[in-house]
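Report on the structure given below.
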Amino acid sequence: MSSDCESYYTEENVLVENFTCPKADGDTTALYCCGFSDLKYCCADPNSFFPYEYGYMWWLSLGALMGLSIAAVVLLAFIITLCVLCYLFITTKPRGLDNGLPLRKLLFHLINRDSKTSDWKSLFCCLSQKALASA
């Protein structure tokens with residue numbers, strides 16, 4: 001059983017004549033013509049699309065693994081930081097109202113003192129005048 005590879009031009013625009021697989025000086029198990037339009041070769045697997053040894057691909061896999069590991073560590077650090085900030089926000093939140101300004105008490109005092117005014121417009125006018133006078 002043999003397979004014919006048609007002639008082709010390489011990337012350097014050099015014509016490579018057609019040849020039959022397996023080549024006389026090549027591997028006898030490489031029965032199929034594999035490759036691309038600018039690089040053809042004999043191979044043992046008809047579904048092979050890559051003419052090089054797979055040894056160097058371990059370096060690519062190692063590089064991809066390192067990149068994914070670094071991305072996972074960065075993501076984990078981000079999630080931990082987010083959790084710590086949420087915890088700090090929840091635990092340091094004030095529990096009650098700020099008692100520094102007794103606004104509610106002052107408002108009720110002014111309303112009770114000025115109960116003779118019946119409409120709201122005059123009440124707010126009175127309140128704003130008293131607020132300006134006390135400032």
- request: Could you check residue 45 against (1) farther than 30 Å from residue 29 by Cβ; (2) among the charged types (D, E, K, R); (3) at pLDDT 70 or above and say which number it fails?
  value: (1)
query: For segment 13-26, what are the residues that are at pLDDT 90 or above and either at positive phi or in a loop (DSSP other than H, G, I, E, B) (or both)?
result: 13, 14, 17, 18
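The values are calculated or read from the model by the stated rules, or taken from the named source; none is laboratory data. Small disclaimer: the values here were computed from a predicted structure and weren't measured. Don't worry about glycine lacking a Cβ; one is built from the backbone with ideal geometry, like all the others, and counts go over all protein chains shown.
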